[in-house]
Amino acid sequence: MATIAFPQFKAPKLDLGALVKNPAVGLAAAAVLFVGAIAALVNLLGPMGGGPTHVRIPLDEPLRAAPAGWREALKPARGAPRLSKDVIRLSERPLTPGATAPVAGAATVAPLPTGVGDALPVAPIAGFYAPGPGGPLPIIAEDGRTPAQAYARPFTSNGRPKVALIIGGLGLNQRATRQAIETLRPEITLSFVVYAEGLQGWIDMARARGHEVLLETPMEPLDYPDNDPGPYTLMAEGQPPETVKKLEWILSRATGYFGLTNYLGSRFLGVDAAYNAFANSVKGRGLAFIDDGAAARRGGGMPRATAERVIDDRLSGQAIDQQLMALEGGALQRGQALGAGFAYPVTLEKVAAWANSVDQRGYQLAPASALTVKK
């Protein structure tokens with residue numbers, strides 16, 4: 001058999017001394033070292049240029065006692081709810097564990113009258129929940145009391161016109177959520193995004209500061225799917241069992257809420273069959289439903305209320321002040337008025353200042369639950 005002789009490759013002799021003295025090689029080596037240093041710094045501090053920096057902060061202090069096995073029953077949020085010791089995953093400016101970030105422009109809370117800031121009862125309350133397919137679900141107690149009654153902030157009217165306000169969109173932006181919980185008067189109702197991680201931790205914190213809580217239920221809007229509220233959106237054409245199944249996932253995300261509010265839903269709330277399936281489930285679990293004006297004519301046999309105005313449709317301090325004055329005017333005419341707003345920084349600042357002085361103008365600040373009626 002013939003053999004093929006391949007030419008042998010002989011490696012050239014490497015003169016390290018000459019390479020080191022070569023200016024071009026020295027410059028390249030310096031560049032490599034610089035890039036390596038930058039990479040190490042990024043790895044240590046996180047991505048630059050506004051990329052997400054994930055920090056996990058345990059909320060041990062706000063976490064309070066719950067019946068054995070309740071939190072363990074909650075399932076992962078991808079597919080089913082997940083709470084991992086109620087740890088908040090932040091994607092903004094990091095906070096030192098246990099510290100509260102100073103918020104530029106945040107209003108200072110005036111001293112509250114004795115008892116006003118008392119924490120609400122620890123959730124869940126025995127007798128108001130039962131196991132469900134995706135986790136614990138709210139139920140009506142054996143004595144007929146409802147979660148809407150058990151988890152609402154207590155209220156006694158003093159005869160003045162009542163004004164109530166719901167601040168929503170909480171749980172995703174950690175700074176805005178903490179600002180709302182810590183700087184707004186406890187009579188102001190807070191509503192939380194159901195997809196938020198650490199949802200139970202946020203709700204615990206809110207209730208510890210005296211705020212009653214709503215869960216935001218994603219519902220199909222007119223411009224769906226261009227405007228998509230997420231995988232557990234209640235669909236207008238969905239069959240009742242599908243609506244109930246999605247709603248049970250939403251309800252099993254946390255505990256301590258007295259009711260639900262809609263997130264979007266202009267199409268869903270306009271379809272009788274869709275709304276009835278939703279309302280029957282909410283009523284059967286003893287919850288309230290408060291809408292942002294999209295379901296003003298809807299009943300359902302459960303405690304109901306409708307926000308008569310959104311105070312930050314126009315996002316300016318002056319416009320928000322005007323809407324708050326209009327809310328007071330509505331309360332003066334009808335005896336009570338309910339507004340809603342989003343957790344924008346300017347909204348939180350304006351609402352905090354307004355709430356601290358509303359009593360001096362002859363009104364009574366009330367939780368949203370105090371304005372609900374069964375219809």
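Some observations on this one:
- Kirkwood-type radius of segment 113-212, with distances r between different C-alpha atoms, in Å: 14.9
- Dipole-positive endmost among ALA206, GLY159, PRO121 within segment 112-209 (Cβ charges, Cα centre): GLY159
- A simple count of charges around ILE140, restricted to other residues whose Cβ falls under 12 Å of its Cβ and scoring Lys, Arg +1 and Asp, Glu -1, yields +1.
- Under a model in which nothing but the beta-carbon of Lys, Arg (+1) and Asp, Glu (-1) is charged, segment 164-234 shows a dipole of about 460 debye around its Cα centre.
- Of LYS162/LYS283; LYS245/LYS374; LYS246/LYS283; LYS283/LYS375, pairs whose Cα-Cα distance is over 20 Å: LYS162/LYS283; LYS245/LYS374
- Using C-alpha pairs under 8 Å with a sequence gap of at least 6, the mean separation divided by the residue count of segment 184-286 gives a relative contact order of 31 percent.
- Cα gyration tensor category, rounded, prolate or oblate, for segment 160-224 with a/c compared to 1.5: oblate
- Once you divide the Cα radius of gyration of segment 202-314 by 2.2 N^0.38 Å, the number left is 1.04.
- Net charge of Cβ neighbours under 10 Å - reference LEU264; Lys, Arg +1; Asp, Glu -1: -4
- Relative contact order for segment 159-215, counting Cα pairs under 8 Å that sit 6 or more residues apart, in percent: 37
Readers should treat all values here as calculations from the given coordinates under stated rules, not as data from a laboratory. Owing to the predicted nature of the structure, the values given are computational and were not obtained by experimental measurement. With ideal geometry, Cβ positions are generated from the backbone for all residues, glycine too; neighbour counts draw on all protein chains shown.
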